Amino acid sequence: MPLRGDSRTTAYSHEQSERAPDYPVDVTEDELWENLEYFLDEVIPVAEEAGVDPALHPDDPPVDSARGIPRLVNSVENVRRILDLHDSPNHGLTFCQGNFSAMGADVPETIRRFGDRIHFVHFRDVDGTA
Ligand SMILES: [Mn+2]
């Protein structure tokens, strides 16, 4: 979409996204939680051994579902739950300020809350809401 001057920027329209066909996947939110725990239990120990710090990015935008698929990384509470699924200093976040802002989070307080589990940061903000 056009921005100031003659520049252009990325944008997201949930209404436009919802007009696209659903993905041909039938999965519940509970199944996604189970799958994520399985994935983290397999991957995080390998990351620990290799000295790698995976940094989960929030859903962008942090809505409940998109194109028929539930989303998990859409609230501060869910991010805490995900980090607790496999507790390790290697298992951390990309702290995307725009998405935490769109979740309605208090950004400075959320930074203090997640502390050294923040492995990477996106400095940006958003117009509008999730
Ligand atoms: Mn980001």
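Quick notes
- Within region 51-130: Cβ-based charge dipole about Cα centre, in debye rounded to nearest 20 (Lys, Arg +1; Asp, Glu -1): 100
- Rg/Rg_ref, region 51-130, where Rg_ref = 2.2 N^0.38 Å and atoms are Cα: 1.05
- Legend: calculated FRET efficiency, ARG8 to ASP125, from the Cβ-Cβ distance at R0 = 22 Å, rounded to 0.05, equals 0.75.
- Its DSSP H runs of at least 4 residues, each contributing -39,500 (n - 2.57), put the calculated 222 nm mean residue ellipticity of the chain at -12000 deg cm²/dmol, to the nearest 500.
- Packing-based ranking, highest mean first, of 108-120, 24-36, 66-78, 89-101 given that Cβ atoms within 10 Å are counted: 89-101, 66-78, 108-120, 24-36
- Each label point was placed 7 Å from the Cα along the Cα-to-Cβ direction; for ARG112 and ASP22 their separation is 4.3 nm.
- Model label sites at PHE39 and ASP64, defined 7 Å from Cα along the beta-carbon direction, differ in position by 2.2 nm.
- Residue order for PHE39, PHE123, fewest other beta carbons within 10 angstrom first, comes to PHE123, PHE39.
- Placing unit charges on each Cβ (+1 for Lys and Arg, -1 for Asp and Glu) gives region 45-130 a dipole about its Cα centre, and among GLY128, LEU93, PRO45 the Cα reaching farthest toward its positive end belongs to GLY128.
Where a number appears in this text, it was derived from the coordinates with a stated rule and is not lab data. Computed from a prediction, not measured in an experiment: that's the story for all the values here. No Cβ is skipped: glycine too gets one built from the backbone with ideal geometry, and neighbour counts run over all protein chains shown.
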